[in-house]
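The structure appears below as structure tokens.
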Amino acid sequence: MRVLVTFEPYARSVGPYDLLSRINCGQVIEWGRNKCIIDLNDCGPNALAALRDINYVAHLSIIDKVISRDLDSLFTAAKEVLMSLVGGKDGTFKVIVKRMDKNYPMTSVELAKKLGEYLAQFARADLEDPDYVIYVEVREDSFIIAHSTRDLFRKRREAIPRDWVDRVVGI
């Protein structure tokens with residue numbers, strides 16, 4: 001399983017192996033500004049929870065597909081991902097789109113709206129508190145389609161990290 005990890009803005013100095021040393025498994029596939037892709041195939045079932053509990057991790061999304069940059073393929077693949085998550089149950093969703101390629105003809109908001117309108121035929125959209133988040137990242141030559149649950153995507157802390165006292169004392 002490959003996971004897209006998004007970091008908090010203050011964590012720009014974090015290195016790839018700082019993250020892996022916290023969960024004691026995994027392999028870095030790609031490392032970029034404020035995010036990375038990690039392969040967790042050699043990890044135990046608690047690896048996602050361990051990643052989620054790291055203070056500087058903002059969001060986790062499980063990568064489902066990497067497809068060519070074709071809008072029809074994106075709609076089909078996103079529908080397959082959503083149907084596998086909802087599967088006839090009464091689940092809600094939200095679409096988030098990030099453009100790494102700013103030359104793509106649609107803005108992130110336009111693409112998210114168009115994809116959300118299409119997916120709303122198959123499940124109920126809820127932009128405030130969805131059960132599932134469908135995450136799409138627009139790259140130069142591909143779309144990355146990922147999903148996340150409410151617990152994996154949402155930040156658990158409200159404002160102050162648990163180890164803030166250690167940080168202040170260390171100054």
> Within the range 127-164, restricting attention to residues that are hydrophobic (A, V, I, L, M, F, W, C) and modelled with pLDDT under 65, which residue is nearest to the chain's Cα centre (by Cα)?
Replying inline: Ala159
> Among the residues of the range 1-25, which ones are open to solvent by less than 30 Å² (accessible area, probe 1.4 Å), in contact with a strand residue (DSSP E or B) (Cβ under 8 Å, 6 or more places away or on another chain) and within 12 Å of Cys43 (Cβ to Cβ)?
Replying inline: Val3, Leu20
> Across the range 101-138, which residue is most open to solvent (accessible area, probe 1.4 Å) among those that are within 20 Å of Leu4 (Cα to Cα) and of a type in the set (Asp, Glu)?
Replying inline: Asp131
> Can you name every residue in the range 74-83 that is open to solvent by 40 Å² or more (accessible area, probe 1.4 Å) and either basic (Lys, Arg) or under 23 Å from Lys35 (Cβ atoms) (or both)?
Replying inline: Lys79
>> So for the range 84-100 (the condition being in contact with a helix residue (DSSP H, G or I) (Cβ under 6 Å, 6 or more places away or on another chain), part of a helix (DSSP H, G or I) and surrounded by 14 or more Cβ atoms within 10 Å (Cβ to Cβ)), does at least one residue qualify?
In response: no
> If Ser61 satisfies every condition in (1) over 16 Å from Tyr132 (Cα atoms); (2) crowded, with 16+ Cβ neighbours inside 10 Å but one, which is the exception?
Replying inline: (1)
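The values are calculated or read from the model by the stated rules, or taken from the named source; none is laboratory data. Keep in mind the model is a prediction, meaning the values are calculated, not measured. Every residue, glycine among them, receives a Cβ derived from its backbone with ideal geometry; neighbour counts consider all protein chains shown. These area figures cover heavy atoms from the full protein model, side chains too; ligands, DNA and RNA do not enter into them. Shrake-Rupley method; radii C 1.70, N 1.55, O 1.52, S 1.80 Å.
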